[in-house]
Structures are given as structure tokens and as C-alpha cells.
Amino acid sequence: MRFLINSIQKLAKTSPFFQRFSPEKQVYSDALQQVQKNSELLADYLKADEEVVGFGEGGSESMTLFLQQPSREKFVRKVLSERLITAQWSRDGQGVMLPPCTKAMRQTQYLQGLPDSVRPYFPQVLDVIERQKTTQKKGKNLTYQEYIYDMSFVPGIEVSQFIRKYQPSKEVVAALYYIIFQLQNNKIHSQRRRQPSEPTLEPSYFTKIEKRLALAQETAPKTFGDSLLKTEEIVINGRKMRNVSALLREFRQNEAYQQILEPRFHSLVMGDTNTENIKIGNIEPLLREYQDFSVTNPPFTAEELEIRFLDPRAIGFHENGVDTGSDDHMYDNKPWHNSLGNYDLIHGEHFDVFYWSSGDTPVILIDEHEDHPYVYSYLGIEKYFSEVMNAAWDLNNPESDINRNDPYWLVRFVFIMGTHFMAMPPFHFSKNKEGILIDEASHQKRPLAIYAEGIKWLNLAVDMLEGKVKDFHGIPVNL
């Protein structure tokens, strides 16, 4: 594969048939990039006595400001505006297709409705503004919906940023995962437990993927055209795999697969435990040097690290059109999505992409940069997967909650890793400095790589269900 990559890299320098994007850049949301270059636009989201003291990193379509007033502690303002987002969500979207402003409203409702025992782990909503804004563009009046809310400031550093900046050992990262999973299992997933009254796979995953990819195609019809989405097979880094339509058909047509993949229970979930949304208030214990370090008995606790959660997904499973406030706890395994799933590498654009067609088959080649800032912390972290999950969920105990109520959790873990990625492309399109979306793979490498990651994980799920893969990083596949 390295020979193939080197050959393609050489060819890409002279051939117009390959599309490559090489310059590495600091990645911010389109919303933030727009206001950073337009002081008048930024001022539209500030009061006269407010001072911007920082901007939130990450964010798919929102803008996060850290603000200060003379007689007030630092606080956070999150802005969702139709004029600042790239993909054009329908205002009437429901369920998994909620437009960003409506989703932001649900987030405030989620935070305000948390059980008392859970509330200390999340920010507090301070104020909400919902408005319509009319501006002129090319002589026409355009009206945008906006949803703006203020929250208490949660001090500390996001887990992804901590790993990128300090590059801790993979043992420390694995211990951090153990603490996060244990905290979620004990404090969050123990709340609002219920059994779904109807099947969940179609609305939560299959239809969601189709609708999100349709939005991706509407946003960038050339990059996400039928030549990418409608073929039966796709080649990713030299391996031929089922493409999305073939994958969905496999899941939909096999009742035995559905019985394995259906969750036995729903609970309160954070819903987006991407490690950009988990904060460490006290990193000092993570920076010490330890002898005889134990990943599953680390010399620090969640309380000592001051672990807090940000930006909840806040959309529970809907029954009869009503949000139940609960969902599949597997949503909250996203720390592995940042490392095993390469999300931090992809979101930081620490890779080159090559995309072409071989006959009717799309081919994607992703070449990660050898010196990217996550390589020391993530390379080889899979060796701790079994140890972390066994300890966090008490898997060696046959009577543990997961063993009794979620016996097929490992296959479902892989499946939901894939569905996460397959539904994410619309959040990761980007515009250039002039605010124009260029519909070329070379400019939209992030959503393209995210699509490829989803394909890889869903193919692995099918291989598990077919009995071809019997072990995943030290844990047997139970069917």
C-alpha cells in the first residue's frame, strides 16, 4: 500500500485526473471563519459591553464565543444562524433532520431538563434569544432564522485539544477513556431507562443515513454524486468493500441481523461524546510521571479531573412523533470514534486524499500524515480496548448490566460507529476564504474521508454478522 500511495502521489503532481489537497490548515467551522473576517457581522452577536475573550474550537455549523462583561464571570454564547451554515437544512426538518436552529433549541431544553444528579456534569443555560434577521444580498432581502443561547463557562480543556497539545501516552488516553465510560455508565445511562415500544433501526440509522447523504448530494452534487453513492462497491485504500446502498440492503433484508442490532433498552444519553465535547477541568494528574501505571486502576478519578460534558445531541428516540428523552447508550462510545475511528485525524485534516473512478467503481485513497499530532497518543491504542471496556462495564461479570441487557454490544458498537460516520458528511463541508463552497474532492476532503470511514465500519459490522470476524481487539464477537 505504501508503494501504491507513493506512486499515486508522484502521479498526482502532473496528472489532471487525480484530485489532491495538500496544504494543512487550522480547521474552524464555517460560521466562525465568516465572523472572524467580518467585524460588523461579529458585532451583530454582541452587546455593547461584551468583550470576546476567545472562540470555541471545533463545531460543525455553530459559532461558539467566550465572552466577558465588567460585572459578570466569563460565559459562553453559542450561535446557530442560517446565514452562517453551509448545508441548506430544511426549516421543516424533523427527527434526525432537525435544522441547526431547532436542534439548538432542543439542546437548551435538554440541559434545562436534566435530572438533578446529572446537571453538575453539564453547563447551565443562562439566556436564550430566538430571532429572524433580514439582510440584503445582491439587491434581495433574505431572512434568516437564528437561535442564540448563553451558557455558564466550563473551565478546562477539551480532551481532543489536550491530546493534541500535550501528546500523552496511549496508556494515559486509555485510562481517560475508562474513567469517561465508567462515569457515563454510572451517572448518565442509569437515568430514564426504558424499553422502546417499536423498532428503532429504520428511523435512527437507515433512513437517517439516506436523508443525510441526500443533503450531502444537494450540497455538493459533484463530489457526492451518484458515481460515489449509487455503486454497489467502493475501493478504499486498496480494499474493495460494499458501498452504502449494498450495506443498507444487507441490514434491511436480514431479520436475524436486526434482532442482534436492535437495542434492548434506551436511557438518558449525552449523545455526542466526541472528545471535543468532553472537558477536563484539572489536567495536572494526567501530566505526572507514574511507575506501574494501571489503565483500569489509574491514580486519578473523574472527580479529580473535573470531567464535564458539552454540546449534547439532545434528540431522543421519537415514538408517535414525541421525543422520549432516551436513546441507545451506544451513542456515547464516541471517544473511540476519535481515535480508532480517526475522527481527530480527519477533522484536523492531517491527511491527503485521492479520489477517482476505476470503471464504474469509486476509489478513495486516504494517506495520513506520518507526523500528525495524534499519532503518539493513538497509535496502538486498540491494544487497550478490551481492558478498558471490560473494566468500565464489568464485562467479566456474567450478571453485569451490559451482559444481561445488551449481550450483542460489541457488534452494535461497530455498527453504530459506522452509522455515526455515514450520517456526518453534511456537517463537514467547508467554504473557501471568499465564502464559496467549491464542489471538488480536493476542497471537500473532510466529508469524503468521513464517508469512507463509515463505509469501513459498516463493512466490519456485516463481516461480524456473517461470522467472518470473530474477535475485535481481544473481545470475542458474540452472536
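The values are calculated or read from the model by the stated rules, or taken from the named source; none is laboratory data. Computed from a predicted structure; not experimentally measured. Quick reminder, even Gly has a Cβ in these numbers, built from the backbone with ideal geometry, and neighbours come from all protein chains shown. For accessibility, only protein heavy atoms count, side chains too; no ligands or nucleic acids. Shrake-Rupley method; radii C 1.70, N 1.55, O 1.52, S 1.80 Å.
Sum -39500 (n - 2.57) across every DSSP H segment of at least 4 residues in the chain, then divide by the residue count to get the 222 nm mean residue ellipticity, nearest 500.
That calculation yields -9500 deg cm²/dmol at 222 nm.
Step through the residues of the range 139-155 one at a time and calculate ³J(HN,Hα) from phi using the Karplus curve (6.51 cos²θ - 1.76 cosθ + 1.60, θ = phi - 60°), rounding each to whole Hz and writing x for Gly and Pro.
After applying 6.51 cos²θ - 1.76 cosθ + 1.60, I find x, 10, 7, 10, 10, 10, 8, 9, 10, 10, 9, 9, 9, 5, 7, 9, x Hz.
Charges at C-beta only: +1 for Lys and Arg, -1 for Asp and Glu. How large is the resulting dipole of the range 396-461 about its Cα centre, in Debye rounded to 20?
With only Lys, Arg, Asp and Glu charged at Cβ, the dipole is about 160 debye.
Sorted by accessible area with a 1.4 angstrom probe, largest first, how do 151, 105 fall?
Putting 151, 105 in descending order of accessible area: 105, 151.
Over the range 324-479, how many pairs of lysines fall under 17 Å by alpha carbon, counting only those 8 or more apart in sequence or from different chains?
Eligible lysine pairs with Cα atoms under 17 Å apart amount to 7.
To the nearest 10 Å², what's residue 410's accessible area with a 1.4 Å probe?
Approximately 10 Å² of residue 410 is accessible to the 1.4 Å probe.
To the nearest 0.05, how large is the calculated FRET efficiency for residue 233 and residue 49 if R₀ is 51 Å and r is the Cβ-Cβ distance?
E(calc), rounded to 0.05, equals 0.30.
With θ set to phi - 60° and the Karplus curve 6.51 cos²θ - 1.76 cosθ + 1.60, what are the ³J(HN,Hα) couplings of the range 364-374 in order, to the nearest whole Hz, using x for Gly and Pro?
10, 10, 10, 10, 6, 5, 5, 10, 5, x, 9
How do 153, 472 rank by accessible surface area computed with a 1.4 Å probe, from largest to smallest?
153, 472
Ordered by packing density, taken as the mean number of other Cβ atoms within 10 Å over each peptide's residues, highest first, how do 289-295, 331-337 rank?
331-337, 289-295
How much accessible surface does residue 450 have with a 1.4 Å probe, in Å² rounded to 10?
For residue 450, solvent-accessible area is about 0 Å².
Using bins 5 angstrom wide from zero, how does P(r) for the range 137-235 break down, in % of all Cα pairs?
Calculated over all Cα pairs of the range 137-235, the distribution is 2, 7, 8, 8, 10, 13, 17, 19, 10, 3, 2, 0 percent.
Stick to Cα atoms and the Kirkwood definition of Rh, then tell me Rg/Rh for the chain.
Ratio value, two decimals: 0.94.
Go through 436, 395, 365 and say which Cα lies farthest out towards the positive end of the charge dipole of the chain; charges sit on Cβ, +1 for Lys and Arg, -1 for Asp and Glu.
It is 436.
As I understand it, the dipole of the chain uses +1 on the Cβ of Lys and Arg and -1 on the Cβ of Asp and Glu, about the Cα centre. Which of 415, 294, 166 lies farthest toward its positive end?
Among 415, 294, 166, the one farthest towards the positive end of the dipole of the chain is 415.
Enter the accessible area per residue of the range 104-210 (Å², integer; probe 1.4 Å; all protein chains in place).
Averaged over the residues of the range 104-210, the accessible area is 48 Å².
What spacing in nm lies between the two simple spin-label points modelled at residue 361 and residue 403, each 7 Å away from Cα in the Cβ direction?
Going by the 7 Å Cα→Cβ label model, 4.3 nm.
What part of the accessible area of the chain, given as a whole %, is carbon or sulfur when the probe is 1.4 angstrom?
47 percent
Any aspartates and glutamates with Cα under 19 Å of the residue 170 Cα? List them, leaving off those in the same chain fewer than 8 positions away.
158, 276, 284, 289, 292, 344, 368, 370, 371, 382, 387
Amide H of residue 191 versus every other amide H placed in the peptide plane: which residues, excluding those fewer than 5 positions away on the same chain, fall under 5 Å?
268
Report the charge-dipole magnitude of the range 282-353 in Debye, nearest 20, computed about the Cα centre from +1 at each Lys and Arg Cβ and -1 at each Asp and Glu Cβ.
40 debye
Mind giving me the nanometre distance, one decimal, between the label points for residue 256 and residue 141, set 7 Å out from Cα along Cα→Cβ?
6.3 nm
With every protein chain present, what accessible area does residue 465 have (1.4 Å probe, heavy atoms only), rounded to the nearest 10 Å²?
20 Å²
Run the dipole for the chain about the Cα centre, Lys and Arg Cβ at +1, Asp and Glu Cβ at -1, nothing else charged, and hand back the magnitude in debye, nearest 20.
Charge dipole of the chain: 1060 debye, to the nearest 20.
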